Amino acid sequence: MLKFVWGISIGVIAWVMVSFASIDGIKMMSNLGGLPAMFIIICVNVSLFVLIYRVARGNMLEPKPAKNHRNIDPPEGF
């Protein structure tokens, strides 16, 4: 049912854009649709460069120990 509603809504939006804005409306829709994907790709690239930088410095992605870290023994029988 969700696919049906999604397909109908995309079809109606495309028809309205072609009817009132000709093919330029479709071009505008594709540009607007790609905008969120561009931000996701930029964030992925930034994360990749941070990962490369950390590994190159010798920090093999090990978590930093807590400042107030104490050795706490588990309870008896655990």
Failed criterion for Gly7 (all others in (1) small (Gly, Ala, Ser); (2) open to solvent by 70 Å² or more (accessible area, probe 1.4 Å); (3) over 19 Å from the mean Cα position of the chain (by Cα) hold): (2)
State which residue pairs qualify: first residue acidic (Asp, Glu) and inside segment 1-29, second residue surrounded by 11 or more Cβ atoms within 10 Å (Cβ to Cβ) in any location, beta carbons under 9 Å apart, and separation of 6 or more residues or different chains. Asp24/Met17
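The values are calculated or read from the model by the stated rules, or taken from the named source; none is laboratory data. What you see is a predicted model, and the numbers here were worked out from it, not measured in a lab. No Cβ is skipped: glycine too gets one built from the backbone with ideal geometry, and neighbour counts run over all protein chains shown. Heavy atoms of the whole protein, side chains included, go into the accessibility calculation; ligands, DNA and RNA do not. Shrake-Rupley method; radii C 1.70, N 1.55, O 1.52, S 1.80 Å.
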